[in-house]
Amino acid sequence: MNITQFFRILWARRWIILPAFLVCVTTATLVVQFLPERYRATTRLVMDTFKPDPVTGQVMNSQFMRAYVQTQTELIEDYGTVGRVVDELGWANDPANIAAFNASPAAATGDIRRWLAKLIIENTNASVIEGSNILEISYSDSSPERAERIANMIRTAFLAQSLSNKRSAAAKSADWYAQQAESARQALLAAVEARTAFVKKSGIVLTDTGTDIDTQKLSQLSGQSAVPVAPVAGGGMGPAQLQLAQIDQQIQQAATNLGPNHPAFQALQRQREVYARAAAQERAQAGGGAGSAQSQLQSAANAQRARVLGNRQDVDQLNQLQRDVTLKQDQYMKAAQRVADLRLEASSNDTGMSTLSEASAPDSPYSPKVPMIIGGAAAFGLGLGLLIALLVELLGRRVRSPEDLETAVDAPVLGVVQSRAALAARLRRAHETLGETAEPHGAAVN
């Protein structure tokens, strides 16, 4: 079948195609007249996902951005958000809504609030504008004013629900971290008590540098014994007297900072008694000469070294206890800081979103789209008419031209016999053509 034959078929079956086309267009036009008009109001929010959190200072990772955006769009159409709108509208107490609910299948549930929220959800749509962090919320209704009002109410309810969820999650996390902080505090107190009990038992006190006092004293004596000592003359002071003076200064500081009952203060008192006796002997033997003083320093250093070596195991154990205290103190401080941050977040008013534009009452309905409906009906009617015409032609194929006959019998056509009406019409047209051609010649002869 060539294109000419195809158009001949369409022309022959035009009384099928044209009615189908007209019926579809007419039906669509009538249906559009009875379709209710729907108005859509739209409001927009900006998600501040690229701004650091005001409490923690953290910025959202781009890997979680898609999940975060999807979560926000789902929360807009969630019962927790829309239920707030139902409460604010007061629909649950409206007699008309109550009657409609009682007549619906959902009346068996007895939850009119959820039923009304479902009606709002069906007309709500939330989406993110492609390539941006703008969240668009739209609501459709038969009234443009009601569409505007409910769209803005959904936005407000969504922001309130997001803030409530954020605060609730922060408060729950803060409670958990508070328990951990309390456990860390109890562990810290136990570690401090264990260290204090060991200090009282051993009498060893660690300085700020992490060494015990005996080791520090040994370092001082070793330095003094390595330097030649001049004879003490007149009112000069010997090494023991110098150490006694230093011990007195340390006792004064300890009395101010630690108190008389502190183990470190008591250890300094015992050391002072030792140095006091050594200073008395030094003053008594002041005339013994430099050799005697050097010998005394060496003896004191050897005695102190032996004492340090004897206490090494206790010192190591005390260092371990001190490290345990430091570790538990660090754990407690971190947990306490996290509790403070979460408490602050739980009282924050920042939702991470801000209103970009409020909804306004639309001037024209977005539905029904009359040109689209009628155009679609016209295309459908034309296609349906063509399909029916081709089916009818295939069920009852006819010969309408010499080409159709050649195709049907697979033989050449030698001649075409015209019908009487067609022949008369052709002769009339030929006569008219010949008459028009002869008339100018006749006029020239006259």
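Throughout, read-outs are computed from the coordinates displayed, never taken from laboratory work. Just so you know, these numbers come straight off a predicted model, no measurement behind them. A quick note on method: Cβ atoms are made from the backbone with ideal geometry, for glycine too, and the neighbour counts reach across all protein chains shown.
Let's test the formula: R0 of 35 Å, r as the Cβ-Cβ distance of Asp248 and Lys201. What FRET efficiency results, to the nearest 0.05?
After rounding, the FRET efficiency stands at 0.85.
Provide the per-residue ³J(HN,Hα) series for the stretch 142-155, in order, calculated from phi with Karplus coefficients 6.51, -1.76, 1.60 and θ = phi - 60°, each as a whole number of Hz, with x at glycine and proline positions.
6, 10, x, 5, 5, 4, 5, 5, 5, 4, 5, 5, 5, 4
Based on other C-beta atoms within 10 Å, arrange Val339, Val46 from fewest to most. Write down the numbers at each step before the final one.
Values: Val339 20, Val46 15.
Going from least to most buried by this count: Val46, Val339.
Compute the FRET efficiency between Leu189 and Ile129 as 1/(1 + (r/R0)^6), taking r as their Cβ-Cβ distance and R0 = 60 Å, and round to the nearest 0.05.
0.60
What nm distance separates the two modelled labels at Arg277 and Tyr68, each placed 7 Å from Cα along Cα→Cβ?
7.3
Given all pairs of different Cα atoms, what value in angstroms does the Kirkwood hydrodynamic radius of the stretch 86-190 take?
17.5
In what sequence, highest mean first, do 176-189, 147-160 appear when ranked by Cβ atoms within 10 angstrom?
147-160, 176-189
Find, to one decimal place in angstroms, the Kirkwood hydrodynamic radius of the stretch 338-382, where the mean of 1/r is taken over every pair of different Cα atoms and then inverted.
16.0
Subtracting the Cα-Cα distance from 0.36 nm times the residue separation, let me have the gained length for Ala378 to Ala340 in nm, one decimal. Walk me through the intermediate numbers first.
Details: separation 38, 0.36 × 38 = 13.68 nm, distance 6.83 nm.
Result for the pair: 6.9 nm of gain on full extension.
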